[in-house]
1. Restricting the search to region 220-240, which residues are among the charged types (D, E, K, R) and without any contact (Cβ under 8 Å) to a residue 12 or more places away in the chain?
2. Taking the conditions exactly as written (at pLDDT 85 or above and over 17 Å from residue 392 (Cα atoms)), does residue 271 satisfy them or not?
3. Please determine whether any residue of region 299-318 is under 30 Å from residue 357 (Cβ atoms) and within 35 Å of the chain's Cα centre (by Cα).
4. Please verify whether residue 522 is of a type in the set (A, V, I, L, M), farther than 25 Å from residue 424 by Cα and either buried (at least 17 other Cβ atoms within 10 Å of the Cβ) or touching a helix residue (DSSP H, G or I) at 6+ places or on another chain (Cβ under 6 Å) (or both), treating the condition exactly as stated.
5. So, in region 238-294, how many residues would count as being loosely packed, with under 11 Cβ neighbours inside 10 Å and outside any helix (DSSP H, G or I)?
6. Please go through (1) touching a Leu at 6+ places or on another chain (Cβ under 8 Å); (2) part of a helix (DSSP H, G or I); (3) modelled with pLDDT under 80 for residue 198 and return the number of the only condition it doesn't satisfy.
7. Six or more apart or on different chains, Cβ under 9 Å: which pairs go from a residue in region 286-303 that's under 16 Å from residue 242 (Cβ atoms) to one that's among the basic types (Lys, Arg)? Could you list them?
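The values are calculated or read from the model by the stated rules, or taken from the named source; none is laboratory data. Bear in mind the structure is a predicted one, so any value in this text is a computation, not a measurement. Cβ sites come from the backbone with ideal geometry, for glycine too, and all protein chains shown count toward neighbours.
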Amino acid sequence: MNGVSLLIATCIILSIVLVAITLTLIHRRRIQKLKEEIASLDKEKNLIVSMPIMSELTKVEAILKNEKLEEKYREWQKRFYRIKDERIPEITDMIIELDLLSGTKDRQGLELRLAKTEIEVYKARESVDELMEEIKEVTLSEEKYRSIITKLKNKYRGFVQEFQLHKADYEEMETIIELQLENIEKRFQDFETSMENNEYDEVVHIVKALDAMIDHMSIIIVEIPNLLLMSKMLIPKRIEEIEHIYQDMTENGYSLEYLKIDYNMKESKKHLKDILDRIKVLNLEDCMFELKTMLDYLDGIFNDFEKEKLCRKLYDEVNSDFEHRLRKTNRIVKDIYDQLDDIKSMYHLKSKDIQELDKVKLRLEKLNSDYEEILEKATSVKLAYSKLVKDIEELSGSLTEIEEDLDIALKNLGSMYDDEVRARDQLEEIEDLLRQCKIRIRMYKLPIIHNHYFIELSEANDAILEIVKELDKKPIMIKVLNTRVDTARDLVLKLYNTTTDMIKKAKLAEESIVYGNRYRSLSPELDYALSNAEDLFQKGMYQEALDVSVEAIEAIDQQVHKKLSRVS
């Protein structure tokens, strides 16, 4: 127990020592970081003090030539001494105080003082930078503005040379441009005068004015020839051509009212005059854009003219095809309605079939009316061919739908006629099959024919008579007729199968008895069985007679089935 207690006590002591060491190290690290920040602030303060403001002020003093600059010089001196003699010493005191208190444990107080010192250093730096910038604005003005003016003069000489080489392109604008160039020359002279008098505030305004004037004139020199060419040559010629083409096409039967050529050309001329007036006073803002837009519009009118010419040819083709189809459809519908009473008397038509035809007829009448309106507009030149083509194409689509619906209605009527023809053909086939049954039953003279056969024969005859009755009715009910045909066909086929089966069994029974007669003398049993089979045959029991005879013969001849098959 003593050993354990000792071990626990040792661990506790070690833990306390480690915590103390850690806290000490953290405190030292914090103090070290604080001292580094203080040193950085002190360095920043020294950089502020070392700014060459006095040397720049000396340069200003050497060029003092007017009261305004002298007043600025005195103000700059005051601001510099205020920073140097008041604010910098205050910052120095704050840094020293921070350094002295850096070893204390008042962490929050130190951070607050540090933040205040940083703010003061930042403010001092901003003040010095601002003062230096204002002073350099004067000390570097000559070099700075001389460089700018040199570039402006080079640019100015470039477009002046361009103007001199192509004066003829500027037409009546030549005098106005020369006056503007003289104004620029005067501003260059004003610059030199201001620079000599060190009037740098005035120099700034002159340089800005020169920059704006030269930019404006460079645009004028480049754009004026193109603007004059477009506004006095290209566009007027386009307008003249459009008016001429419009007149020719109108006289040749084209409807071009939707283009509003007269109004739009009048407005274009008015707008063109306005642009020319603005060009004459060198107000070129949006002039090029407006002229290009006008050219695009005029080119679009030429495209509209060409489109109308193409549409006229297309209209003739589309109209010819449509007229042919419409005439054919009208003829078909007329023929149907001319024969509709006969068709009704011949077939039992449903109201739905007639309604569908009536709907097709009404739609066709509406289509004919719409087509007549289009023809009237085309004849009286009330509608452009591009619109006529579109309308004809829409009518063509409607005609296609009418043709499809008419085909369906005609198929319904045609199917009734086809069903009648099919029924008559099948009646002949059924009657022929019935005749074959009667001929076969008469050819093979059976001793007895049972009543069920005559019942089937009677049913088949009655079914055939029902078909004949339906065909003789007016109107014919196709559905009932088809049912009668199906019934008669089934009954006659049943009778044919019965006839064939009965004759086959009777024939086999008779042949088996004849075949067995050769063995009668060999077996009394066979003789008795064959006599029994003969009695069954005479009674019309052909299957039983066949079974008895074959069974008796098999006792003597095992191949009787094969031999009877060969005989049959």
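1. 237, 240
2. Yes; evaluated as a whole, the condition is true for this residue.
3. yes
4. Spelling it out, it is not the case that residue 522 is of a type in the set (A, V, I, L, M), farther than 25 Å from residue 424 by Cα and either buried (at least 17 other Cβ atoms within 10 Å of the Cβ) or touching a helix residue (DSSP H, G or I) at 6+ places or on another chain (Cβ under 6 Å) (or both).
5. Total satisfying the criteria: 3.
6. Residue 198 satisfies every listed condition except (2).
7. Matching pairs, first to second residue: 294/238; 295/238; 298/238; 299/238; 301/238; 302/238.
So that you can scan it fast, the table gives a plain yes or no per residue for (1) under 30 Å from residue 212 (Cα atoms); (2) aromatic (Phe, Trp, Tyr); (3) at pLDDT 75 or above:
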| position | (1), (2), (3) |
| --- | --- |
| 70 | no, no, no |
| 91 | no, no, yes |
| 94 | no, no, yes |
| 110 | no, no, no |
| 135 | yes, no, no |
| 141 | yes, no, no |
